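First the structure, in the form of structure tokens, and then the observations on it.
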Amino acid sequence: MTNMNNQRTTYTITDLLKNVGWQLLCKTSKAFRVNPRFTAGFIIILVVVILAIVAPLITWHPPLKTLVGRPFTPPAALHPFGVDDLGRDIYTNVLYGIRTSLTVGVSSVTISLAIGILIGVIAGYYGGILEDALMRITDMALIIPQFLLALVIVAIFGQNFQNIIIAIGIVSWPGIARMMRAEFLSIKERPFIEAARAVGLTDVRIIFEEILPNAIPAIIPYAVLQINTAILVEAGLGFLGIADPNVPSLGLMLNTAQQYLVRAWWMAFFPGLVLSIIVIGLNLLGDGLIEYLNPRLRKR
Amino acid sequence: MILVVIIVTFLLVRLAPGDPTYILVGEVGDESFVRAARERLGLDKPLYEQFIIYISNVFRGDLGYSYLRSESVAKLIVERIPATLLLVLTAMFISALIGILVGTIAAAKRGVVDLTLSTLSIIGISIPYFWLGQIILIVFAVWLGVFPLGGMVSVGYEYQGLQYFIDVVYHLTLPAMTLAIFNIAFTTKITRGSVLEALTQDYILTARAKGIPESRVVFRHALRNALIPVVTYTGFNTGVLLVGAILTETVFAWPGMGSLLYDSIRLRDYPVVLGIFIYGSIIVILANLVVDILYGILDPRIRLR
């Protein structure tokens with residue numbers, strides 16, 4: 001027994017990631033075969049990510065540069081999505097805007113995952129008064145309109161890219177904390193945890209080595225949907241004019257377009273279309289995953 | 001709960017870089033004026049005293065003063081609430097009506113109808129409503145010219161009574177439609193799931209065995225029991241809908257809280273922005289309370305407990 005214990009003391013965060021990655025891979029490959037929605041979402045998101053990566057190769061104007069074309073030029077060969085009020089190429093900015101959206105989505109969800117998992121784990125594992133207090137706070141945080149809170153934070157702390165990511169991250173943890181707690185509550189009672197305790201593993205090791213790897217797959221579809229929310233919040237903030245002017249943003253483009261709706265439909269049409277496609281893709285992906293992981297829904 | 005919102009606001013303002021006076025009273029040039037405001041708000045006192053002053057101010061409805069509009073923040077916002085509520089409630093009503101019907105049909109029919117409707121509802125949920133609003137505005141107001149470009153009443157006419165009502169409805173159509181489309185998709189999705197769940201219950205089998213027509217089974221027996229989660233989600237969705245209304249109002253220049261927020265952000269009128277956050281949160285909290293009460297009415301089991 002002690003021997004086994006010693007062999008496993010070098011368990012690192014890499015192992016955790018490997019473990020989770022493997023489970024994810026198995027589930028993903030199965031989900032492909034079973035669920036057409038998941039496949040559709042995956043293909044959409046794959047294309048979007050590739051577009052974001054190769055953006056510099058397939059655009060021929062620098063992003064945000066003004067007067068690369070005549071202001072208010074409708075879509076044409078050199079400017080496929082038209083030109084905006086300051087002579088910026090909309091096609092270029094849309095492609096770079098995808099980068100912004102994805103960056104905001106992934107980074108802010110990473111932040112909210114970190115907070116949510118921490119709180120959920122503590123509440124779910126330790127229970128007692130600590131759990132009651134943490135869950136009370138979570139429920140309260142869940143009711144406050146997240147969009148408005150993020151808006152106030154960015155408005156007060158300054159409108160730069162970093163603040164927007166942090167603000168969206170710190171308003172969206174409550175849902176994750178709740179799910180994490182539920183997972184921990186159920187996994188905690190299973191026999192293998194009892195075994196781990198009997199062997200004399202410390203709480204920290206039980207949490208990180210035994211329970212967490214089993215709990216994470218359940219929150220992955222939720223995290224995907226959360227990326228979606230983050231992207232929409234960023235776009236919404238941009239639409240209300242809360243954005244970093246030095247970063248191309250689909251939401252901010254729609255804000256500018258609002259003033260010229262009568263004159264230049266293309267300024268609103270293309271950024272919004274691309275934004276919708278990203279969101280549809282992520283929704284399909286997330287819904288597909290949920291459906292796949294919940295066998296009761298799958299049968300229907 | 002409302003207290004929590006106020007505490008959060010207070011902490012945010014205090015944590016922000018720079019002098020909180022500027023955030024609480026707005027950016028005004030005059031040095032003596034700033035000093036007076038600082039004294040009035042007690043910003044020269046220790047932190048806990050400031051906190052008490054702030055809370056009592058907010059509870060008395062004193063959210064500060066918008067110097068750009070020379071009005072008190074509370075008055076500015078309260079004036080705008082009816083317009084926002086009109087928009088939200090209209091959209092809620094339309095979407096509950098259509099969403100519940102469509103969701104039930106999707107669950108009962110299954111097959112191709114279900115697949116089409118579910119796919120449509122995913123698309124409906126995904127499209128950002130402010131963009132949808134812009135497109136609707138371009139198509140119906142700019143290109144076709146059948147609806148007004150924005151606002152709540154026609155400028156330059158002094159309509160009375162019925163004419164006024166018709167004019168408001170005419171202006172309400174596009175924004176309400178925008179907001180409803182998003183919410184129809186949402187309600188459809190929830191209703192479908194809930195009715196599907198209800199249809200697997202034993203009492204449905206009993207009803208069918210008694211020879212009750214299928215449409216009656218679905219609408220009277222299944223739907224009635226399926227409505228509870230729909231009401232809950234609709235209530236929890238109030239926050240989303242309020243934010244949706246704020247964004248939609250901006251597109252259509254509907255004179256509610258959203259337009260006020262948009263203007264205040266542009267003019268850096270922070271007291272108003274903070275005020276809208278507090279009022280918005282209070283509306284959402286009240287909506288959650290209403291849901292809890294409705295819950296008891298719809299489900300006798302909870303009332304008895």
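Read-outs: derived from the displayed coordinates by stated rules, not from any lab. Owing to the predicted nature of the structure, the values given are computational and were not obtained by experimental measurement. Neighbour counts run over all protein chains shown; Cβ positions are idealised from the backbone, glycine included.
With label points built 7 Å along Cα→Cβ from the Cα atoms of B:Glu214 and A:Ile129, find their separation and express it in nm.
About 6.0 nm separates the two model spin labels.
Mind checking the dipole of chain B: about its Cα centre, +1 per Lys or Arg Cβ, -1 per Asp or Glu Cβ, Debye to the nearest 20?
For this selection, approximately 1280 debye.
Hand me the chymotrypsin sites (Phe, Trp or Tyr not before Pro) from the range A:240-291 located in a DSSP loop with no more than 16 other Cβ atoms within 10 Å, in residue order please. Write out the running numbers ahead of the final one.
Numbers: sites: A:Tyr260, A:Trp265, A:Trp266, A:Phe269; in loops: A:Tyr260.
Counting only loop positions with at most 16 other Cβ atoms within 10 Å, the chymotrypsin sites (Phe, Trp or Tyr not before Pro) in the range A:240-291 are A:Tyr260.
Can you tell me the relative contact order of chain A? Whole percent, Cα pairs under 8 Å, sequence separation 6 or more.
26
Among rounded, prolate and oblate, which fits the protein assembly as shown when a ≥ b ≥ c are the square roots of the eigenvalues of its C-alpha gyration tensor, a/c under 1.5 means rounded, and a/b larger than b/c means prolate?
rounded
Which far-off residues, 5 or more places away or on another chain, put their amide H under 5 Å from the one on B:Glu71, with H placed in the peptide plane?
HN-HN under 5 Å from B:Glu71: B:Ser66.
Please report, in debye to the nearest 20, how large the charge dipole of the protein assembly as shown is about its Cα centre when each Lys and Arg carries +1 at its beta carbon and each Asp and Glu carries -1 there.
My answer is approximately 1960 debye.
Normalised by the number of residues in chain B, what is the relative contact order in percent for Cα pairs under 8 Å and 6+ residues apart?
25
Treat every Asp and Glu Cβ in chain A as -1 and every Lys and Arg Cβ as +1, leave all other atoms uncharged, and give the resulting dipole magnitude about the Cα centre to the nearest 20 debye.
760
Across the protein assembly as shown, how many lysine pairs, 8 or more positions apart or on different chains, have C-alpha atoms separated by under 18 Å? Please give the number.
Values: A:Lys18/A:Lys27; A:Lys27/A:Lys299; A:Lys30/A:Lys299; A:Lys299/B:Lys109; A:Lys299/B:Lys189; B:Lys109/B:Lys189.
The number of close lysine pairs in the protein assembly as shown is 6.
Projected onto the charge dipole of chain B (+1 at Lys/Arg Cβ, -1 at Asp/Glu Cβ, origin at the Cα centre), which of B:Ile81, B:Leu144, B:Ile123 gives the Cα projection farthest towards the positive end?
Of the listed residues, the answer is B:Ile123.
In which sequence would B:Tyr164, A:Tyr292 go, from the one with the fewest C-beta neighbours within 10 Å to the one with the most?
Details: B:Tyr164 14, A:Tyr292 21.
Lowest to highest Cβ neighbour count: B:Tyr164, A:Tyr292.
Between B:Asp263 and A:Gln162, take the C-beta separation as r, use R0 = 25 Å, and let me know the FRET efficiency to the nearest 0.05.
Details: r = 26 Å, r/R0 = 1.05.
The pair B:Asp263/A:Gln162 has a calculated efficiency of 0.40.
Assuming R0 = 51 Å, can you tell me the calculated FRET efficiency for the pair B:Val290 and A:Val262, based on Cβ-Cβ distance, to the nearest 0.05?
According to the calculation, E is roughly 0.80.
Among A:Gly97, B:Val273, A:Gly281, whose Cα lies farthest out toward the positive end of the dipole of the protein assembly as shown, if unit charges sit on the beta carbon of Lys, Arg (+1) and Asp, Glu (-1)?
A:Gly281
Contact order normalised by length for the range A:169-274, with contacts defined as Cα pairs under 8 Å and 6 or more residues apart; what percent is it?
Here the relative contact order equals 18 percent.
If you take the charge dipole of chain A about its Cα centre, with +1 on Lys and Arg Cβ and -1 on Asp and Glu Cβ, which of A:Leu149, A:Ile122, A:Pro245 is farthest toward its positive end?
A:Ile122
Can you give the helix-only mean residue ellipticity at 222 nm for the protein assembly as shown, where every DSSP H stretch with n ≥ 4 adds -39500 (n - 2.57) and the sum goes over all residues, rounded to the nearest 500 deg cm²/dmol?
Result for the protein assembly as shown: -24500 deg cm²/dmol, rounded to the nearest 500.
Tabulate in residue order the Karplus-calculated ³J(HN,Hα) for the range B:107-123, using 6.51 cos²θ - 1.76 cosθ + 1.60 with θ = phi - 60°, rounded to whole Hz; enter x for Gly and Pro.
Along the range B:107-123, the couplings run 5, 6, 7, 6, x, 5, 4, 4, 4, 4, 5, 5, 4, 4, 6, 5, 4 Hz.
In nm, to one decimal, how far is the B:Arg35 label point from the A:Val106 one, both placed 7 Å along Cα→Cβ?
Taking the two extended label points, one gets 5.4 nm.
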